[in-house]
Each structure stands twice: as C-alpha cells, then as structure tokens.
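The values are calculated or read from the model by the stated rules, or taken from the named source; none is laboratory data. Values in this document were obtained by computation on a predicted structure and should not be read as measured data. A quick note on method: Cβ atoms are made from the backbone with ideal geometry, for glycine too, and the neighbour counts reach across all protein chains shown. SASA here: full protein model, heavy atoms, side chains in, ligands and nucleic acids out. Shrake-Rupley method; radii C 1.70, N 1.55, O 1.52, S 1.80 Å.
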Amino acid sequence: MSPSQLPPPPGPSRVAELLRAPEVVVTVGAPIFDEALAAQGVATVPVEWRPPPAGSVGAVHTVSADPRLAEANRTAIGRMAAVRPRLVDVVPAADAIGLGRHQLLHAGPPITWEGASGPLRGAIVGACLYEGWAETPEAAERLAAAGRIELAPCHDNAAVGPMAGVVSPSMPMWVLDDAAAPDGQARRSRSTLNEGLGKVLRYGAFDPNVIARLHWMQRVLGPVLASALHRNGPVDVAGLIASMLTMGDEGHNRNRAGTALLVRTLGAELVRGVEADERSADEIADVFSFMAGNDHFLLNVVMAAGKLVGDAAAGVAGSTVVTTMARNGTEFGIRVAGTGDRWFTGPAAVPDGLYLGGFGPDDANPDIGDSAITETVGLGGFAMAGAPAIVQLVGGQVDDARRWTELMYQITLSEHPMWTLPALDFRGVPFGIDVLRVVRTGVVPIINTGMAGRVAGTGQVGAGLVRPPLDCFTAALDALAARATAAQPAGAGEVP
Amino acid sequence: VLEDSSPAEDDMTEVVRVERGRYHDSVTLLRASAEARSVEGVATAIVAMGTEMNLGLLAEAGFALGPDGGVTPDDLVIAVRATGDGEAVVERAVAEVERVLTERRTTSADDGWGWAPVPPHTVEAAVDLAPDAGIVVVSVPGPSAYVEAAAAVRSGRHVMVFSDGVDLDAEVALKREAARAGVLVMGPDCGTTIVGGVGLGFANRVVPGPVGIVAASGTGAQQLCGLLDGARIGVRHVLGVGGRDLSAAVGGASTLAALAALDDDPAVEVIAIVSKPPDLAVAERIERAAAGCRTPVVLGLVGPGGATVTAAAAEVAKVLGRPFDAPETWTPLSGSAAGRRPGPLLGLFSGGTNCVEALAALEPLLGAVCSNVHPDAPRRIGPNDDPAGNHVLLDLGDDELTAGHPHPMLDPGVVVDRVARAAADPEGPGVLLLDVVLGLGAHPDPGAILAPALTAAGQAGIATVVTLVGTSGDPQSLQHQAQALAGAGAQVHRSNARAAGQAAVMVTSLGSRR
C-alpha cells in the first residue's frame, strides 16, 4: 500500500463531541435500536425510511456519490433564488414568440394530436376557430388530424400556459424579465392572459362565447394592459408574490389577493387609458370587471415568474434540482438542471378533489397544464401552509395544509429567501425540488390543480390535489447517474 | 390489495395478500410473522417484502402467489395458513400482522407549536427536527446504507452503520468524506458502540470506568466489556469501527480517528483495540499511532497467531494496576461424565469473533477444525455443510443464514434447532460449544429458550460448554442466565478462550470417535 492510497488525515475533528452521552439519536432502519435506546432513557427520532424502488437503488447510490452534487446544487439553487421576475409588457404571441400560421404551443411535454387528450384537442380546435384557420370544429379537427397544425411545448419556447396551455399567434401574452440580471442580458418568459373559470379555452371549451372572449382579450384587454404597464413601468412580481403569500394565496389554486394587488397597482394607469388610448370609460370598466370577476387572473403571471426562476438553473451539470414540472393531459413531464432540456415523462394521474355541479370523477381528464411550474419554485401545493383555505378542496383540515408544506421541505434543498410563510414563523417556502430526495423517499411533489373535463369542449369540472408519477423522477435519476462522475481516486486533489 | 382466500387442501384455510408499494423493514416483518404464528390454530405465517428470496420461502412453504402475481420487491406479501376451519383464525392472524405493522413509532422531538411534526422521511429532515442529535444510527439494507450514512456525514453527524453488505468502495468513500467533515463513521457492520455509557446496537450495560475500547469486532468488544466487568473495571466508551476498517483498502481510517478521540478524553486511562489481525501495513500505522498516544494502548488482535480477548482484558487490568482473577465459571448442576458419548466437537456461535477466537484456540489442541470462518480454504465449509465426523465451528451470524432470518443474538431459535438436530443424531457430536450474548438488543431470556434443548442434548450424552458474554448490569441478569444454562447441564464460562480450552479437554478425554 503506497502512502497515496492511505486516507487523508482527519480534518478538524469533532469526534470529541461524540464522547458525551447522547440525549437524542436519529435512527434509520430497524426499530430495535429505538427500543434499546428508549430503555436507556435516550430519545430517538426515527426516520420513516422506505427503500427506493428496487430498480433505482444503484442510481441513488451513484448520484449521492457524485462529488459534484453539493456544489452543483448550490449553484442551481443560487441562480434560481437570485431571479427577481418583473412584469414588463403585454404583446401578441406572434411578436413575443414568433408564432406563425398553423403554429400552436401547448402545455407539458411534447405531444401529437393523436396522443392529445380531450381538453387539449378542444383547445386546439378552439384556437383554430379563433385564428380563423377553420370555420367549424369539425374542419379544425380535420386540419389538426391531417398534421397541418404544428405543435410545440410552451416550455421549449420560454413560455407557459395553464391547463391545455394552447397559445396561438394572435393571443396577447404577459412578458416578464429578470430585474436582477445585468442590463440587456435578462432572459424573458411569457404566458397567456387568464380567461376566467368554467367554459374557457384552456379547459378545452370552444363554444362561441369562448371564442368571443378571446377576441375581446386580443382587441381590448391586452392592449389596455400593455399601455397601462408602459405608463406605470415594470411591476415587481417577486415582491407581489411575497405579499400574496402573506395574504392567504399560494399562487396556484388561490390567487385572489395577488389579483387584487395587481389591479391596485395598475389601477391609476388603467384609468388614464381613457385619455391616453382613447378608450371609452365602458371599455376600461369592462377590463376592471373582468379582472375583478376572475380570482385566477394573476395565475398566469405567477407561472411566468416561475418559468423564469426554473429556467435559471437549466443546464447546471451534476445538479439534481427540478427546473420544470408540466403536464399535457396525457403525460406528466419533468426537466432537471443536470440534464438540461430533456423531458422525463410518466402517465398523468387524475386529481383528487371537489367537482363542480353534477360532474364526478368519471368526467375528469388526467392532470394537465404548465401551472405546476408554481410548485417547481415552491408555490402552490408547496406553500399550502400559507393558504389553508385550499385544503377545503380535498376535505382536509387546516393543519393538513401545514403538513403538506412540512413534507415538501423534505424533498427540497433550500427555502426561498423572499417568499416566506407567516404561519411557519416566516420560513421561506420549500425551494429546489431534489430528484434524489424524491426517489430516496418516494415522496413526490404535491400539486394544487384545476380539473378539465375529459371530453373536448366540456371545460372545467373541478379542482383538487394531484401527485406526479414517481417514474419521471426515477427516469431522471437514471439519466443523472449515467452522467455522474465517479468519486476521485484517493489523495488526488482534495475538495476543500 | 390483491387477495386470494381459499380453503386449501387437507382442511386448511389460507390467505395470500399482496399489497403493492407497501414497505416495512425486515425486523418489523419478522416480528409480524412471529405474532401471526403465535395465534392459536395458525400453521404457517409469512409476512415479507416480495424479494426473490422471500418468494422462494413462500413457495417452499406452499403458498401459491398465482400465475400472474407479478410481485416485486416493492410489494408486501402477507401469507397465513390455518388448520381446520380456520377462517376466523386467519382473520385474527392478519389482524395481528396489521397491529404490528401499524404500531406507531413515536418521535420524541416536538416542534414547539403543540402540533405533531411531520415524520421525517430522510436523515436530513430528522436532524433538522433534532438539531442536538449528534449521532445517526443506520440499519437500512446494505445497498442503501451508503446513501443514508453519507447524508448523516454531510449533515455533520457521527454515524453508526449497523448495516452489513456495504460495498468496500462505498466504505472507503464514506470514511474519506467523514475525515474531511471531522466526524466518525462507526461501521459498516458495526454491532456495538457505547458512548458515555449509552449503548447503541448490541451493547452491554457497563459501569462507567477508565477504559476506552476501539472495536473492529462487536462481539469481541462485548466479551471484553464482560470480562472487565467481572474484574470490576468499568468501561467509558466502545467505538465500533467495522470489521474491514483495518484492511488495506480502508487503511484504519475510523480506528485512527477513534484512537485520537479516546486519547483526548482525560477520563480514559487505558485504550484497548479489539480486532481480527489486520493488514500488515495498516497494523504498523496503528502501532505508530498507538505509540504516539499519551494514553497506554492495549492491542487485542484476536485470531490465529494473535491474542485472546481474555489476555487483552488481563493486560488492561495490569496497565490499570488492578487485579484480574480467573474469569467466573459455573459448573453443571446436572448430568455426569459417566453417561457421555464420544464424538467430535460442534461449536455454534452467534458472535463471529467468539468463533474465530475459539478456532484459533482449538486447532493447536484438536488438529483440523472445519469452519465457515476458517481462513484456509480446504477447511472452510458452508454454514449448512455437515462434514460428518469432523470438528466443526459455525458462525451462525453468517450472512447466508441471517438473510431473511433473525440473527441468533436476537432469536436463539436457530441454535435450538441445531442442538436438537445434534442430539437426535447418534453419529453426531460428543461436545457442544456455544456462546450466549447478553445485553441491549439481544434476546430477553436466551437461557430459557436454550435450556430444554441443552437438557435433551445432555440426556443424549452430549456435554455442553457455554461462553456467557455479558455484564452484571445487563437486563437479562447474568447470574440468572448462568444458572439456567448450568441447570441444563452446561459448563458456563465468561471467558471464551477458557470455554474453548475446556471443550477441547472434554473432547480429548472422551475420544472423538474419528
């Protein structure tokens, strides 16, 4: 054995601390140790351990042993936490993204018309009618079925869309950038404007009212908001999210306070639109009424903020932080910092929750939408402790909301420095989902979501909670393991 | 839940339940199996995860999982068979299983809000809940142990890794990380640790005293604690380091760190290192480190050509200037040499080091001895081999025997079975040599379990010698256990070396019929 094969000399040793009788011991594994310690009057904190899926034990080991892991995750989390999203503009998708004729974006991982579920097909049909690419729903279906509509994920185009997430060229889109980025280097993200609840395009409805509303949004809502925003200057969305979290919103299924804050912020400049934009007072009043009547109006802005935050970590080699969670109504997909743009997918589940009117579980489509970007950055289901009203959706108690958030801390690596929860003594929301911890524990993220009708054209049927399939995470971990670098040979350059 | 309840052949009723994705650790499952079997009328009960091995056990026991069972290691299988009209019996047994599986493990920590904290699912979450916890005890299956232990080290915690089956590479990586973090890795395969009088794992109740022990061998350290206890010498710390720590690959990383820590503790007046004989280069390194200690260091390297634990205990006493009389023995209260039969020696050990030590002591006296821990291949046998007519020493803690079964220290049932088999075989052994290990984590009353089998063996003409490892403070009561074993006809010794020597004398005096 050569000296270089010997282990390095111990660092500043803390072993002396070990030699005091412990008062509390953490145990993971067989309960006999807890019993033996209890018999000696020593408290234990047993870990609720369960083995990773048999096929993932090797990947869990390999990725845990990757010497880049800690630093890569610090880098990824640091980049995400540093983003300060702000609302800068509202522009048509044709200009914001360069969408042209017969080009649509959709939510979630890539999918074809053939693979699309009812609500996504409904939204595609609606978008074709809205853009005038087809005269009738049947003609729109034929167009799409013939492969003449080009589909691409929002997420691959620096955009996000709730539920079906269908974006067509004429739709106005929120544009956000990063106030913390050096001038001229800010990345941008975009999302559509929220249409309201019930029968709306994003839930797969396409009746004449839906199309008429989209035209009004294009003609009035978008330009009026853009003009007010220009006069007002950028709106600090990071700060807005911090405020709404102290007001009972979680930014996914509850955006009531945040919507009011946005309306308040833009109110004066909206009113000035009467003169500046030569809009009638009725038109401006309609804009106010529309926003006042839609508790989810801010959702799309929060989503675009989440997109900006998640993308900041994309491509950090060796990092196990999740940068995207999104569903297309058929599959749930995630993307991870260490594997860049690659999607890892599994079958989307049907949410568990409350149903509108006479709808029931048989009417619900599997999970759909890019809105899980909110959970990806610590909002939505992860911030439920700050939005206890949400638990009513699944018939839970207030303490359940706290427990969900507490559980999510166990699969995240950090806490957001600015988005804090008063109910948890202003602890930051659980931030930076770790693929490794998800697979180690089998605890998958909790997502607050709306439910779309299974049949195209139905619209919203309910809202509730949903969990992603573990398969996405095990597949991502396998890919990370394949890219992991082995631990350095002994003595070869110690990491400080 | 897939359930298949059917009246089986021969007036039997059985139920086989497969629960997808439900996990419990193997110890809990073994306890659940035992509770189910204890229900009156239950013929067989197996509660296990659907691993290949367990599916084999289920098939052997005659349980049919159905053609398209598709049971995976992630699924829980509950299988119960009852005699006669057993519907109600089966139901009671399944209820017992559920009771054991759903018993809540309580967390002692409180979050201060009066709200129950969410149970931690990771080591990281657990240390967040209990920031004062300086030690993490890991006993998950080997392939997952590195990950949990590394999580402890990265959280700045000392870690005791009870798990065996950890890759050597993983051990090396873990100990390198621990050295950088300044924490100690005890293990893997570390059965015994005592810090400041608190025992982790299998440990004896010791009176606090001037001795610090570094143990690459758990049962070696336990025997040393017992022998020192017999000489009224207390033990302050036992730091287990794992059986491979002194190998060339690991290089004594934990031994050196533990040695330095014990040397810094002013209350430790003598340090003992108990291990199998180490790699030569590593041994030199340890000897250098020991020579550099302010505290005197006694090396107890147990095995062929090495010392005995008894000799190490005597050396420790000598350094302390304390008397060390011959360790206590108890003479058999029944049986006589007259009715004894000749035959070879059969040694059945729950402690691996006790087995190695006995082997080293016996071969010079008896000639060739076969063992599953024999260093020489020709005399190394499998734990289930029966080289008839030969002297045999078996380490019943062998991985091959404990996979899916409780360790003999937890449940001496496996020893009872083998003793009974020996007694029933007229060509079997003439002398039995056993060890019985007391202390925390061990069976609550091994003497009571073993006594009937030893009595029966005595009636068959077999002489029995027992090494009783334990302290006067152990919950099983050392004296009570010794009397129960002596009452069943066994000669009982606290010194394993002496027990082995006495067994050799008996074999020689009776003839080995070889």
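Annotations
- Per the conditions (1) surrounded by fewer than 22 Cβ atoms within 10 Å (Cβ to Cβ); (2) outside any loop (DSSP other than H, G, I, E, B); (3) within 28 Å of the chain's Cα centre (by Cα), the sole criterion not satisfied by A:Asp295 is (2).
- Members of the stretch A:377-419 found to be assigned to a loop (DSSP other than H, G, I, E, B), crowded, with 24+ Cβ neighbours inside 10 Å and modelled with pLDDT under 95, listed by number: A:Ala387
- Members of the stretch B:73-102 found to be under 23 Å from A:Pro52 (Cα atoms), in a loop (DSSP other than H, G, I, E, B) and open to solvent by 50 Å² or more (accessible area, probe 1.4 Å), listed by number: B:Pro73
- Residue check, A:Ala456 open to solvent by 40 Å² or more (accessible area, probe 1.4 Å) and either modelled with pLDDT of 90 or more or in a helix (DSSP H, G or I) (or both): no
- For A:Pro31, the criteria (1) at the interface with chain B (Cβ under 7 Å from one of its Cβ atoms); (2) under 30 Å from B:Val71 (Cβ atoms); (3) at pLDDT 90 or above hold in every case but one, which is (3).
Each row is one residue, and each column tells you yes or no for (1) at the interface with chain B (Cβ under 7 Å from one of its Cβ atoms); (2) in contact with a helix residue (DSSP H, G or I) (Cβ under 6 Å, 6 or more places away or on another chain); (3) at pLDDT 95 or above.
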| site | (1), (2), (3) |
| --- | --- |
| A:Met1 | yes, yes, no |
| A:Leu6 | yes, no, no |
| A:Pro12 | yes, no, no |
| A:Glu17 | yes, no, no |
| A:Glu23 | yes, no, no |
| A:Val26 | yes, yes, yes |
| A:Gly41 | no, no, no |
| A:Ser56 | no, yes, yes |
| A:Ala59 | no, yes, yes |
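- Here A:Gln103 meets each of (1) open to solvent by 30 Å² or more (accessible area, probe 1.4 Å); (2) farther than 30 Å from A:Ser168 by Cα; (3) among the polar types (S, T, N, Q) with one exception, condition (2).
- Remark: B:Val147 falls outside the filter, which requires a residue to be of a type in the set (Val, Ile, Thr), more than 7 Å from every other protein chain (Cβ to nearest Cβ) and without any contact (Cβ under 8 Å) to a residue 40 or more places away in the chain.
- Subset of the stretch A:434-453 [of a type in the set (A, V, I, L, M, F, W, C) and either crowded, with 24+ Cβ neighbours inside 10 Å or at the interface with another protein chain (Cβ under 9 Å from one of its Cβ atoms) (or both)]: A:Val435, A:Leu436, A:Val438, A:Val439, A:Val443, A:Ile447, A:Met451, A:Ala452
- Remark: B:Gly347 falls outside the filter, which requires a residue to be at pLDDT below 90 and either outside any helix (DSSP H, G or I) or not hydroxyl-bearing (Ser, Thr, Tyr) (or both).
- Residue satisfying condition, being touching a strand residue (DSSP E or B) at 6+ places or on another chain (Cβ under 8 Å) and outside any loop (DSSP other than H, G, I, E, B), within set A:Leu261, A:Leu221, A:Leu270: A:Leu221
- Within the option set B:Ser254, B:Ser247, being within 12 Å of chain A (Cβ to nearest Cβ) and in contact with a Lys or Arg (Cβ under 7 Å, 6 or more places away or on another chain) holds for one residue only, B:Ser254.
- Taken over the stretch A:22-66, the criterion of being out of contact with any Ser or Thr (no Cβ under 6 Å at 6 or more places or on another chain), of a type in the set (Gly, Ala, Ser) and either more than 30 Å from A:Arg483 (Cα to Cα) or touching a residue at least 40 places away in the same chain (Cβ under 8 Å) (or both) is satisfied by A:Ala36, A:Ala38, A:Ala39, A:Gly41, A:Gly55, A:Gly58, A:Ala59, A:Ser64, A:Ala65.
- Here B:Asn54 fulfils each of the conditions (1) part of a helix (DSSP H, G or I); (2) open to solvent by 40 Å² or more (accessible area, probe 1.4 Å) apart from (2).
- Residues located in the stretch A:291-330, provided they are small (Gly, Ala, Ser) and farther than 21 Å from A:Leu477 by Cβ: A:Ala292, A:Gly293, A:Ala304, A:Ala305, A:Gly306, A:Ala312, A:Gly329
- Among the residues of the stretch B:286-324, those identified as assigned to a helix (DSSP H, G or I) and either open to solvent by 30 Å² or more (accessible area, probe 1.4 Å) or of a type in the set (Asp, Glu) (or both) are B:Glu287, B:Arg288, B:Ala289, B:Ala291, B:Ala311, B:Ala314, B:Glu315, B:Lys318, B:Val319, B:Leu320.
- Within the stretch A:139-170, considering residues that are outside any loop (DSSP other than H, G, I, E, B), free of Cβ contacts under 8 Å to residues at least 60 places away in the same chain and within 29 Å of the chain's Cα centre (by Cα), the one nearest to A:Gly126 (Cα to Cα): A:Ala144
- Residue count, the stretch A:49-75 (criterion: open to solvent by 20 Å² or more (accessible area, probe 1.4 Å) and in contact with a Lys or Arg (Cβ under 8 Å, 6 or more places away or on another chain)): 1
- A residue that is within 20 Å of B:Asp245 (Cβ to Cβ) and within 14 Å of chain A (Cβ to nearest Cβ) occurs nowhere in the stretch B:353-369.
- Residue in the stretch B:174-189 that is open to solvent by 30 Å² or more (accessible area, probe 1.4 Å), over 25 Å from B:Thr402 (Cβ atoms), more than 7 Å from chain A (Cβ to nearest Cβ) and modelled with pLDDT of 90 or more present: yes
- Leading residue by the ranking (surrounded by the fewest Cβ atoms within 10 Å (Cβ to Cβ)) among those in the stretch A:313-361 that are in a strand (DSSP E or B) and of a type in the set (Gly, Ala, Ser): A:Gly346
- Count of the stretch B:228-285 residues which are in a loop (DSSP other than H, G, I, E, B) and not aliphatic (A, V, I, L, M): 16
- Scanning the stretch B:352-408 for residues that are in a helix (DSSP H, G or I) and either of a type in the set (Asp, Glu) or within 25 Å of B:Thr51 (Cβ to Cβ) (or both) yields B:Gly352, B:Glu357, B:Glu363, B:Asp399, B:Glu400, B:Leu401, B:Thr402.
- You will find that of B:Ile213, B:Ile194, the residue that is at pLDDT below 95, more than 9 Å from every other protein chain (Cβ to nearest Cβ) and part of a strand (DSSP E or B) is B:Ile194 and no other.
- Within the stretch A:189-221, tally of residues that are among the small types (Gly, Ala, Ser) and surrounded by 21 or more Cβ atoms within 10 Å (Cβ to Cβ): 4
- The single residue among B:Pro446, B:Pro406 that is at pLDDT below 95 and not small (Gly, Ala, Ser) turns out to be B:Pro406.
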